[in-house]
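First the structure, in the form of C-alpha cells, and then the observations on it.
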Amino acid sequence: MAREDLHFRLRIPDDLKAQIEQRANASGKSITAEIVERLRHSFEKEAHFIKLVEDTREQLDTLKTTQSFFVGIWEDALKELRNTGSLSEENRKFVTEMTAMMRKSVGERKPSIFD
C-alpha cells in the first residue's frame, strides 16, 4: 500500500478483526493488505455473478424464441393432421425428430405413432 492512499477509520466487530489478523498473519500480509485484497475479490466475484446472470438471461431469451418457433411448427403439424388426417413428409420428419430429441432428453424411449 502506498503512503498516499486514502486513510480512514473503520469500526468492525472484534471477532471479525481477529479473523482478519489471523488470515493476514497466515499469509504474511498486513491487515490493510488483507482487507484490500478481500474487498477487491468481493467486487470481482460480484462482477462475475452479474455477467453470469446477464448471460443466463440472454440464453433464456434465445430458448424462448426457439421454443416459440417449434411450438408454431407443432401447431401447424397438428392442424394439418386434424384437417387432412395425415402429415406432409416435412412435418412428419420434424415431429419424429423432435419426439426423439425430447425422449432422449428425459431418458425414455416409447413407441410413437410415427415409428
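The C-alpha atoms of the chain define a longest principal axis, and helix 89-106 lies at about 40 degrees to it. With all pairs of different alpha carbon atoms counted, what Kirkwood hydrodynamic radius in Å does the chain show? Result for the chain stands at 20.3 Å. Karplus-based coupling profile of segment 12-22, in residue order and whole Hz: 9, x, 4, 5, 5, 4, 5, 4, 5, 4, 4, with θ = phi - 60° in 6.51 cos²θ - 1.76 cosθ + 1.60 and x standing for Gly or Pro.
A short reminder: the numbers here are calculations on the coordinates, not readings from a lab. Just so we're clear, the structure is a prediction, and the values are computed from it rather than from any experiment.
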